[in-house]
Amino acid sequence: MSSSVNGDADVVVGRIEPCRVVELPEIVDARGSLCVVESGKEIDFDVKRAYYMFGMPPGTRRGGHGHRRLRQLIIAVHGRFEVKVDDGFSTRTFVLDHPRLGLYMTPMVWRDMVDFTPGTVGLWLVSEPYDESDYYRDYDEFLRDARSGA
Ligand code: T46
């Protein structure tokens, strides 16, 4: 099964509801599985950058910031970790534990990644080039803007 995040009705900036786990199309044959992410289908943005993380020691906490414009899809290509999201009004925890799953995230959401199992490899497909000015590093500043709908 695949689900689409394409379409204006799904995109509500600054709300946690549009942060959701998407089940990616998986093509299985005798050689194994192949999962696909295509702009305009599973994600509603063009991928401008990809990065991946591995070698996280036990107890690692990553993230601790929000984004002003960036959208992203997060995939645990191997292993498992949790993503705690906070839109300034409520919080939610998503578990990524299979390479068929992607967590789609909107802008204006504070995120923390925790509980990486040993050997985890995470992949991030994102909508913007790297730009430090897109980051909220200060939680109080994020909260003020998120609550005022900035
Ligand atoms: C996000 C979460 C989920 C670069 O030079 N280019 C890049 O594209 C990225 C992503 C990072 N960096 C540098 C900036 C820092 O000196 O790599 C270093 C580590 O980045 P950061 O502390 O931002 O890593 P995380 O895990 O806290 O956050 C990252 C992304 O930055 C962020 O966009 O949403 O993963």
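The values are calculated or read from the model by the stated rules, or taken from the named source; none is laboratory data. Remember, predicted model here, so these are calculated numbers, not experimental data. Here Cβ is always computed from backbone atoms with ideal geometry, including for glycine, and neighbour counts include all displayed protein chains. With ligands, DNA and RNA removed, areas are computed over all heavy atoms of the protein, side chains included. Shrake-Rupley method; radii C 1.70, N 1.55, O 1.52, S 1.80 Å.
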Report task. Take the residues in the stretch 62-80 that are in a loop (DSSP other than H, G, I, E, B) and touching a strand residue (DSSP E or B) at 6+ places or on another chain (Cβ under 9 Å), then tell me which one is farthest from residue 138 (Cα to Cα). Result -> 79
**Report entry** Those residues of the stretch 16-37 which are surrounded by fewer than 13 Cβ atoms within 10 Å (Cβ to Cβ), at pLDDT 95 or above and either within 16 Å of the ligand (Cβ to nearest atom) or assigned to a loop (DSSP other than H, G, I, E, B) (or both), in sequence order
**Finding:** 30, 31, 36
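Within the stretch 81-112, count every residue that is outside any strand (DSSP E or B) and either more than 17 Å from residue 61 (Cβ to Cβ) or aromatic (Phe, Trp, Tyr) (or both).
Narrowing the stretch 81-112 to residues outside any strand (DSSP E or B): 87-90, 97-100, 106-109.
Narrowing further to those that are either more than 17 Å from residue 61 (Cβ to Cβ) or aromatic (Phe, Trp, Tyr) (or both): 87-90, 97-100, 106-108.
Residues flagged as outside any strand (DSSP E or B) and either more than 17 Å from residue 61 (Cβ to Cβ) or aromatic (Phe, Trp, Tyr) (or both) within the stretch 81-112 amount to 11.
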Query raised in the report: Is there any pair with a first residue in the stretch 110-134 that is within 14 Å of residue 69 (Cα to Cα) and open to solvent by 10 Å² or more (accessible area, probe 1.4 Å) and a second that is near the ligand (Cβ under 10 Å from one of its atoms) and in a helix (DSSP H, G or I) whose Cβ atoms are under 9 Å apart and which are 6 or more apart or on different chains, and what are they?
Result: 128/134
**Report entry** Condition check for residue 118: more than 10 Å from the ligand (Cβ to nearest atom), assigned to a loop (DSSP other than H, G, I, E, B) and touching a strand residue (DSSP E or B) at 6+ places or on another chain (Cβ under 6 Å)
**Finding:** no
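Hey, among 96, 101, which residue is surrounded by 13 or more Cβ atoms within 10 Å (Cβ to Cβ), in contact (Cβ under 8 Å) with a residue 60 or more places away in the chain, away from the ligand (no atom under 15 Å from the Cβ) and not aromatic (Phe, Trp, Tyr)? Spell out the reasoning first.
Details: 96 fails: away from the ligand (no atom under 15 Å from the Cβ).
Going through 96, 101 in turn, the sole match is 101.
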Query raised in the report: Is it the case that the stretch 139-150 has a residue that's modelled with pLDDT of 95 or more and under 18 Å from residue 43 (Cβ atoms)?
Result: no
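Of these, 102, 149, 119, which one is of a type outside the set (S, T, N, Q) and more than 24 Å from residue 24 (Cα to Cα)? Talk me through it step by step, then tell me what you get.
On the way: 102 fails: more than 24 Å from residue 24 (Cα to Cα); 119 fails: more than 24 Å from residue 24 (Cα to Cα).
Only one candidate qualifies: 149.
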**Report entry** Pair list, Cβ < 8 Å and 6+ apart or interchain, from the stretch 53-72 residues that are among the aliphatic types (A, V, I, L, M) to residues that are open to solvent by 70 Å² or more (accessible area, probe 1.4 Å)
**Finding:** 53/62; 56/62
Query raised in the report: Where residues in the stretch 65-90 are closer than 19 Å to residue 116 by Cα and hydrophobic (A, V, I, L, M, F, W, C), which of them is farthest from the ligand (Cβ to nearest atom)?
Result: 77
